[in-house]
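S.K.: I'd like to ask you about the structure that follows.
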Amino acid sequence: MNADRPRVPRRAPLEAFLTQQWLRRGPVAWALWPLAALYGAAVALRDRRYRLDPGRSVRVGRPVVVIGNRIAGGAGKTPTVIAVLDHLRRQGWQPGVVSRGHGRADLGVQAVAADTPADVVGDEPLLIHLRSGAPVVVGRDRVAAAAALLRARPEIDVIVADDGLQHRRLARDVEVVVFDARGAGNGWLLPAGPLREPIDTPTGAGTALVLYNADRPSTPLPGYATRRALTGAVALEAWWQGTPAAAATLDSLRGRPVLACAGIAQPQRFFEQLRHAGLDVQEQALPDHAAFDALPWPAATPDVIVTEKDAVKLPVDRVRRERPGTRVWVAPLDFSPEPAFFAALDTALAPLSPRREG
């Protein structure tokens, strides 16, 4: 490390270690396999209960699109939700969102507003609301969250459930299963591997779609590819005001050291995208959903660039007060599934709602 660059904390060692072990069937994975077998038995029992008693899943009076992943950690659920919401609106739907809200202290039902702190509703639900403008309600009980959403906004005609793939109590019409380039890892269940459930788990929906957060499939399951690229950069204050990112702003950061700070599941992908854009970045990888209870970069850091998921936890006045000498930039992601994915989604939803004018 250069002497003129500040020292920064590293990502949680256990998290990084397990992520690497889940890519292969090595000694650590084999040692954890008995626990994975017990976990698999519990998953199978859950699925059997819902399969034998379909009435356990509750319908809420609107079509439900569930977006989730079968591997632990982020695989691209949040950008998928935002892309789906944007598409549904273009098609004439009025979507709303329900989500658990990872990291919340209170698991009760609560609506998300633009000024709601991320630690109250979760960083991803807040980002979804800010990016899409769609109404969002969080709650551990997705059925109760959906009911609250429809009471507040009865005009909603389709519900998108964020990270609800394993929440079988909310009946769904369409499942979108998201994988990234890791695929299914070593193919084993937690904790010996990354899988929350087998990749061939029978769907609880009329239609199941697989979307790869990569340019090609990473499992044997047929699915659709996605193009990912940074749209540019924007100053933190302007981002909060809704100003779009610009490629010219990202280009202006070339030629000087920039600290790239990311509290996401796959921070290395963010760092590589910044380097591909020509930036000289020092990496500061934080645990996924890092709370930013204390700003993690040294006071002498002149430029920091973050993801949108991290930006929602960085109020402008706080950054000015605690790091007055730091310029914070936000680099949003352009996440574009191939057109065939949206065509398949439209086909699945077409019979689920009365014909809409226009």
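The values are calculated or read from the model by the stated rules, or taken from the named source; none is laboratory data. Predicted model only: the values in this text are computed from it and were never measured. Don't worry about glycine lacking a Cβ; one is built from the backbone with ideal geometry, like all the others, and counts go over all protein chains shown. The accessibility values were calculated without ligands, DNA or RNA, using every heavy atom of the protein model including side chains. Shrake-Rupley method; radii C 1.70, N 1.55, O 1.52, S 1.80 Å.
S.K.: Would you check if there is a residue in segment 140-152 being under 30 Å from Ala41 (Cα atoms), free of Cβ contacts under 8 Å to residues at least 24 places away in the same chain and outside any helix (DSSP H, G or I)?
M.R.: no
S.K.: Of the residues in segment 155-178, how many are assigned to a strand (DSSP E or B), within 28 Å of Asp215 (Cα to Cα) and either open to solvent by 10 Å² or more (accessible area, probe 1.4 Å) or β-branched (Val, Ile, Thr) (or both)? Steps first, please.
M.R.: Here is the first cut: in segment 155-178, the residues assigned to a strand (DSSP E or B) are 158-162, 170, 174-178.
If we keep only those that are within 28 Å of Asp215 (Cα to Cα) too, we end up with 159-162, 174-178.
Now narrow it down to the ones that are either open to solvent by 10 Å² or more (accessible area, probe 1.4 Å) or β-branched (Val, Ile, Thr) (or both): 159-160, 174, 176-178.
Result for segment 155-178: 6.
S.K.: What residue, of Ala208, Ala233, Ala181, is over 30 Å from Trp33 (Cβ atoms) and either open to solvent by less than 30 Å² (accessible area, probe 1.4 Å) or out of contact with any Lys or Arg (no Cβ under 8 Å at 6 or more places or on another chain) (or both)?
M.R.: Ala233
S.K.: Scan segment 303-358 for residues that are part of a strand (DSSP E or B), at pLDDT 95 or above and aromatic (Phe, Trp, Tyr) and jot them down.
M.R.: If the condition is that a residue be part of a strand (DSSP E or B), at pLDDT 95 or above and aromatic (Phe, Trp, Tyr), then Trp329 is the only one that fits.
S.K.: What number of residues within segment 74-116 are modelled with pLDDT of 95 or more, open to solvent by less than 10 Å² (accessible area, probe 1.4 Å) and either among the hydrophobic types (A, V, I, L, M, F, W, C) or more than 19 Å from the chain's Cα centre (by Cα) (or both)?
M.R.: Selection size over segment 74-116: 6.
S.K.: Now for a different question. Give the number of residues within segment 232-272 that are within 12 Å of Glu283 (Cβ to Cβ) and among the β-branched types (Val, Ile, Thr).
M.R.: 1
S.K.: Ile128 versus (1) among the β-branched types (Val, Ile, Thr); (2) farther than 30 Å from Leu189 by Cβ; (3) without any contact (Cβ under 8 Å) to a residue 60 or more places away in the chain: which is the lone unmet condition?
M.R.: Ile128 satisfies every listed condition except (2).
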